[in-house]
Amino acid sequence: MSSAKCEECQVGRCQPMAMTYMRSLGPHMVILPNAPANKCDMCGRVNFDPGFLSMMQAILDELVEDQQQDGRDKSPITDMYQEWTPVGKGS
């Protein structure tokens, strides 16, 4: 299986691996071990799998929707969600 050329350095090859996904969400930290990613063997750039990032987005969408339906639309998670952007998406 061949690896893709790194978009950042244009020299290295991106190797699939499991990496810890960490993201601050307001005053909270989301930490998920073994998230699917690709890491450049030269510059070290990490790109998380787009499917994984979409799944994370869907989970947060559902959580915020559930809280809004319960009448808790002023909760901290709603405010945090509005500030959150996936790491690696569009980078």
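What distance in nm lies between label points placed 7 Å from Cα along the C-beta direction at Gln69 and Ala18?
The modelled label-to-label distance comes out at 3.2 nm.
I'd like the per residue volume of the convex hull spanned by the Cα atoms of region 14-55, given in cubic angstrom.
Normalising the Cα hull of region 14-55 by residue number yields 70 Å³.
Each reported figure results from applying straightforward, stated rules to the coordinates on display, with no laboratory input. Bear in mind the structure is a predicted one, so any value in this text is a computation, not a measurement. Glycine also receives a Cβ, built like all others from the backbone with ideal geometry; neighbour counts cover every protein chain displayed.
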